[in-house]
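Undergrad: The structure under discussion is supplied below as structure tokens; questions concerning it will follow.
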Amino acid sequence: MESIFREVIADEDRLMMVIVGSVAVIWIVIGTVGKVLTAMSRERTKREIAAYIAEGSISPEQGERLVKADRPRSCG
């Protein structure tokens, strides 16, 4: 195992590929986690709005406007 590390560190091209690959993997993981957390928070918000509608605190029309306000705007 140690010989593999020494071999990678000794060859600059391999070391650069390992570093770039590691950064790419970390970037993808962070992006995926961020998207999952965003989706979870949107769903939680929708459930809370539905609960407010069910208890009568807000009207269904107000709830619909709140849900639509959360959507990203599309261009065009």
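Here, each number is a calculation from the coordinates, and none is a lab measurement. Values in this document were obtained by computation on a predicted structure and should not be read as measured data. Cβ sites come from the backbone with ideal geometry, for glycine too, and all protein chains shown count toward neighbours.
Undergrad: Testing the spin-label approximation: label points 7 Å from Cα along Cα→Cβ at TYR52 and VAL36. State their distance in nm.
TA: The two pseudo-label positions are separated by 2.9 nm.
Undergrad: Residue-wise, which Karplus ³J(HN,Hα) couplings in Hz belong to the range 35-48, taking 6.51 cos²θ - 1.76 cosθ + 1.60, θ = phi - 60°, and x for glycine or proline?
TA: Once θ is set to phi - 60°, the couplings for the range 35-48 become 5, 5, 5, 5, 5, 5, 5, 5, 5, 4, 4, 4, 5, 5 Hz.
Undergrad: At 222 nm, what value in deg cm²/dmol follows for the chain if DSSP H runs of at least 4 each add -39500 (n - 2.57) and the sum is divided by all its residues, to the nearest 500?
TA: -29500 deg cm²/dmol
Undergrad: So, one more: For ARG71 paired with ALA24, estimate the spin-label separation in nm (one decimal), with each label point 7 Å from Cα along the Cα-to-Cβ line.
TA: So the label points at ARG71 and ALA24 sit 3.6 nm apart.
Undergrad: Check which residues have an amide H placed less than 5 Å from ILE58's amide H, if you skip close sequence neighbours.
TA: The list, which skips near neighbours in sequence, is ILE53.
Undergrad: Moving on. Using only Cα atoms, what is the ratio of the radius of gyration of the chain to 2.2 N^0.38 Å?
TA: After normalising by residue count via 2.2 N^0.38 Å, the value is 2.07.
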